[in-house]
Amino acid sequence: MTSTVAEFQTVAELNELTSVAVIGMGYVGLPTALGLHAGGVTVIGIDLSHNRLEAIRACEVDLIETDHRRLEKAVHQEDFQLTADASRMAEADAILVCVPTGLDEYLMPDLGPLESACAALVAHARPGQTLILTSTSYVGTSGRLLVKPLTAKGFKVGRDIFVASSPERIDPGNVTHTQAETPRVLGGVTPTCTAMAQRVLNVLTPRVHLVSSPEAAELTKLYENTFRAVNIALANEFAEISDGFSIDPIEVIDAASSKPYGFMAFHPGPGVGGHCIPCDPHYLLWQLRATQNSAPLVTQAMRAIAERPRQVVDRVLNTLSRNGTGMAGARILVVGVTYKPGVQDVRSSSALDIIDLLAEKGAKVAYYDPLAPNVRVTGGSLDSVVEPAGGDWDLALIHTVHPGQDYDWLGQCPIVIDATYRFDPALSAA
């Protein structure tokens, strides 16, 4: 490989951005593709799942309303293309890698999808392209999966091809902090790489915070979500402390929030789920173990988060005991099983662990969630109750409250435990 920037007629030609390929059309890739398309760029959306591509074409995907409207228009336009053919990425001026990164059963990073995506990217890379890794991973991922193999192939990174890291900051279901309004952190391998990547990200948002390297960008994302994990663990702990004093923890949080400096409100809940908080800090802990370093505060916070569903089940057990009954045979309805309000995603949802733990203790467990009609739990599949009636249950456990849904029927349930600490029946259908 001997091609260089000098082969292009002008720098302006090199800087022209007409098409972008997005690898992975999931909860990050699809909104990213829609944002790029809305910015006037031809988009090639690549996903190996034909079912996912068909769902996108049918507009049967979980998106905020503004992105739904974008998708309904985009799927009928020639400059919004969906394909399972990875070789199509060679046609694009820039490529964004948006595949998921998760954990295996031992809480070790599962980089299989990311490694495969980056290998395909390297195989089809051509001179002049800008490659941006947006998937969250450990420090050095961009170097190992992109820079080293591209260099081995003969590319001169920063001259022939441009590599950067800009971890995603999409919050599914959040209509307040949209992609266009949320700053992106960006670190390129060289200053030219950073500049070339910034022209791509500026299509999505005008606010790009530059850092010195891809490694700095990668560690920034791990810090962001580790910060959240530690503070959520603390909020849960304070909820237990408040209960011991018979004090409403939300009253305490609201009072502390009146301080205009030095405090940021985090709220207790039944657990954490989704793609970020239960996962990302483990990437950091895994890498630290390899270097024989430690992060005891982070380690303890992640243990506390993992134990939170069991604490919720203990609360159920204690409540039933105080009312003269036990767990065995108790009819319990879990209200909401997605990991957060307003989304269909049940990945790593604490509700699934809670359902399993309640069933282990002999309870007859069902759930109600209009956004998740079916879930997989230990022992098989479970369907949502279609029309719940409060009188059918001995206890209702509120896990996730979706906006726009009617929860008045909970008033007929003999015992209601609010694991969100913030349920307000008067606002439930707002």
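The values are calculated or read from the model by the stated rules, or taken from the named source; none is laboratory data. Keep in mind the model is a prediction, meaning the values are calculated, not measured. All Cβ positions, glycine included, derive from the backbone under ideal geometry; neighbour counts span all protein chains shown.
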* Asked: Based on what the data block shows, is S137 part of a loop (DSSP other than H, G, I, E, B), buried (at least 21 other Cβ atoms within 10 Å of the Cβ) and within 24 Å of the chain's Cα centre (by Cα)?
  -> yes
* Do we have Q300 as within 28 Å of C279 (Cα to Cα) and surrounded by 13 or more Cβ atoms within 10 Å (Cβ to Cβ) here? -> no
* Structure fact -> Those residues of region 221-246 that are closer than 24 Å to T178 by Cβ and surrounded by fewer than 19 Cβ atoms within 10 Å (Cβ to Cβ) come to a total of 5
* Asked: Among the residues of region 112-126, is there at least one that is farther than 20 Å from A217 by Cβ and in contact with a Ser or Thr (Cβ under 7 Å, 6 or more places away or on another chain)?
  -> yes
* **Search result, residues across region 76-111 that are in contact with a Leu (Cβ under 6 Å, 6 or more places away or on another chain) and under 16 Å from V200 (Cβ atoms)** => D93, I95, V97
* **Residue check, S166 among the hydroxyl-bearing types (S, T, Y), under 30 Å from T66 (Cβ atoms) and surrounded by 23 or more Cβ atoms within 10 Å (Cβ to Cβ)** => yes
* To do: Filter region 289-299 down to the residues that are in contact with a helix residue (DSSP H, G or I) (Cβ under 8 Å, 6 or more places away or on another chain) and assigned to a loop (DSSP other than H, G, I, E, B), then identify the one that is nearest to I398 (Cα to Cα).
  => A295
* Quick one: which residue in P167, P191, P268 is in contact (Cβ under 8 Å) with a residue 40 or more places away in the chain and closer than 27 Å to R126 by Cβ? => P167
* Can you tell me which residue among A180, A164, A197 is among the aliphatic types (A, V, I, L, M), over 21 Å from the mean Cα position of the chain (by Cα) and more than 19 Å from D280 (Cβ to Cβ)? => A197
* **Within region 205-240, tally of residues that are within 23 Å of A33 (Cβ to Cβ) and not in a helix (DSSP H, G or I)** => 5
* **Out of D345, D408, D383, sole residue that is among the acidic types (D, E) and surrounded by 17 or more Cβ atoms within 10 Å (Cβ to Cβ)** => D345
* Residues satisfying the stated conditions in region 46-65, i.e. closer than 28 Å to P403 by Cβ, without any contact (Cβ under 8 Å) to a residue 40 or more places away in the chain and not in a helix (DSSP H, G or I) -> A58, C59, E60, V61, L63
* Structure fact -> For region 248-288, the count of residues that are exposed (fewer than 13 other Cβ atoms within 10 Å of the Cβ) and out of contact with any helix residue (DSSP H, G or I) (no Cβ under 8 Å at 6 or more places or on another chain) equals 9
* Quick check, is V200 crowded, with 22+ Cβ neighbours inside 10 Å and modelled with pLDDT under 95? -> no
* **Residue in region 348-363 that is among the hydroxyl-bearing types (S, T, Y) and either modelled with pLDDT under 95 or surrounded by fewer than 20 Cβ atoms within 10 Å (Cβ to Cβ) (or both) present** => yes
* Within region 179-193, identify whether any single residue is in a helix (DSSP H, G or I), buried (at least 18 other Cβ atoms within 10 Å of the Cβ), in the same structural domain as A92 (by TED's automatic domain parsing) and not acidic (D, E), and answer yes or no. => yes
* Number of the exception - M302 against (1) outside any loop (DSSP other than H, G, I, E, B); (2) closer than 19 Å to K221 by Cα; (3) free of Cβ contacts under 8 Å to residues at least 12 places away in the same chain -> (3)
* Hey, V43 assigned to a helix (DSSP H, G or I), without any contact (Cβ under 8 Å) to a residue 40 or more places away in the chain and of a type outside the set (D, E, K, R) or not -> no
* Structure fact -> A careful count of residues in region 77-119 that are assigned to a helix (DSSP H, G or I), of a type in the set (A, V, I, L, M) and surrounded by fewer than 18 Cβ atoms within 10 Å (Cβ to Cβ) gives 2
* Tell me the strands (runs of 3 or more DSSP E) entirely within region 332-416 that contain at least 2 residues that are closer than 23 Å to P278 by Cβ and under 27 Å from the mean Cα position of the chain (by Cα). => 374-377, 380-383, 395-398
